[in-house]
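A.B. asks: First the structure, which I've put down as structure tokens, then a few questions once you've had a look.
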Amino acid sequence: MDEVTGSSPVWSTMAANISFLKRIVRYKNVRFIVAVAVSVLILGAVAIALSYVPLPAERLFVSHAGYTLRYPADWIIGEVRRDSSYESELIREPLGRATIVISSHRETRLQERTGRAAVAKETELGFTGSPNYSLDFFGWITPEAGAEYNGYVASGLFDNSSGQYVFKEIGILDPAGSKVTFRTEVLAAHVDELGPTVDAALLSVRGGGSKRIVERDESAPRMSADEAKALVERLPDFALYRDSALERGMGYVLEAEDAGSLWKVRLYVGGSSSGRTLPIPLEQWKVDKSTGAVSKTVF
């Protein structure tokens, strides 16, 4: 039996391939050979080019609570921690020196005024009455404890068993019955290196849709520009931009543009649009004149 053309299927396949290659060479199918060579070269060039494409610097995180934020591409998404009324999502720096946590708590007391006041008091006491916290700042969006829509900002030092952390926390008390918090922690020894990164992540937080701040009857008088701006000023994300501007010694301007059934409320940080000063950052909300529904828009 011939060694190549035996009954084995493997040998038969190899023999067929060898025969095919011999025919290509015998008939000098130059066009085919050139096409194959060019294809190989193109694939190689593409592979080399892709190897020089930089990886994205940041990624978009979409939380279960309906919010999004941008975080460094090399940071790690941790496990989701949850129980019957609590859910927490974690993003951590690869070496464990900083974390970003988004938490959502079901809190039915927020659905009525006295309950909102109680939750607000407990929240503030959790910071001011704990020996683990040394606060630099704590403040509410509105001082009215039972306000329909409220939120807070806290910052300072936090001590736990693993070390001392510089923290910032933003909390939103939603009258629908949930409390959402955004918290960053950086080991104090690395705050100069990682502090700007977690601050940028906080500033990138966006809500997942419109937020109805007040309910108004359709027959009620349409709200004025000042009323629309007052609604926007009660939003936690507005307060975050405002405080960031003030910390940098910059001013801010809110302007309301009449857009028929809506007010387009714009935030300019660092100057006004009329002064041609570059706004940093630039945000815009839409406020329904009849219902008071507020939604974030993109320019």
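Readers should treat all values here as calculations from the given coordinates under stated rules, not as data from a laboratory. Everything numeric in this text was worked out from a predicted model, so none of it was measured. Note that we place each Cβ from the backbone using ideal geometry, even for glycine, and neighbour counts take in every protein chain shown.
A.B. asks: Going by average Cβ neighbours within 10 Å, how do the peptides 124-134, 222-232 rank, with the highest at the top?
C.D. replies: 222-232, 124-134
A.B. asks: Longer than 31 Å from Cα to Cα, which of 168/286; 121/264; 168/229 are they? Say none if no pair is.
C.D. replies: Working: 168/286 28 Å; 121/264 34 Å; 168/229 26 Å.
Beyond 31 Å between Cα atoms: 121/264.
A.B. asks: Rounded to whole Hz and in sequence order, give me ³J(HN,Hα) for the range 90-103 from the Karplus expression 6.51 cos²θ - 1.76 cosθ + 1.60, θ = phi - 60°, writing x for Gly and Pro.
C.D. replies: For the range 90-103, the Karplus-derived couplings read 10, 10, 10, 5, x, 8, x, 8, 8, 9, 10, 10, 10, 10 Hz, x marking Gly and Pro.
A.B. asks: Still on this structure, I have one more. At 0.36 nm per residue, minus the direct Cα-Cα distance, what do residue 108 and residue 82 gain on full extension? Give it in nm, one decimal, please. List each step's numbers first, then the result.
C.D. replies: Working: separation 26, 0.36 × 26 = 9.36 nm, distance 1.74 nm.
Difference between extended and current length: 7.6 nm.
A.B. asks: Given H placed 1.01 Å from N in the peptide plane, which residues other than close sequence neighbours of residue 204 have an amide H under 5 Å from its amide H?
C.D. replies: Here 70 satisfy the definition.
A.B. asks: Then there's this: For the pair residue 199 and residue 95, what calculated FRET efficiency results from E = 1/(1 + (r/R0)^6), where r is the Cβ-Cβ distance and R0 = 30 Å, to the nearest 0.05?
C.D. replies: Values: r = 19 Å, r/R0 = 0.62.
Efficiency, from the Cβ-Cβ distance: 0.95.
A.B. asks: Let me ask something else about it. For residue 57, what is the net charge nearby, where nearby means another residue's Cβ is under 14 Å from its Cβ and Lys, Arg count +1, Asp, Glu -1?
C.D. replies: Details: positive: 59, 70; negative: 58, 74.
It works out to a net charge of 0.
A.B. asks: Follow-up question, since we're still on this one. Would you mind counting up the charge near residue 198? Only other residues with Cβ under 10 Å from its Cβ, with Lys and Arg at +1 and Asp and Glu at -1. Write down the numbers at each step before the final one.
C.D. replies: On the way: positive: 168, 183; negative: 93, 185, 199.
Net local charge, residue 198 excluded: -1.
A.B. asks: Explain nothing, just compute: Karplus ³J(HN,Hα) = 6.51 cos²θ - 1.76 cosθ + 1.60, θ = phi - 60°, for every residue of the range 261-267 in order, whole Hz, x for Gly and Pro.
C.D. replies: After applying 6.51 cos²θ - 1.76 cosθ + 1.60, I find 7, 10, 9, 9, 9, 10, 10 Hz.
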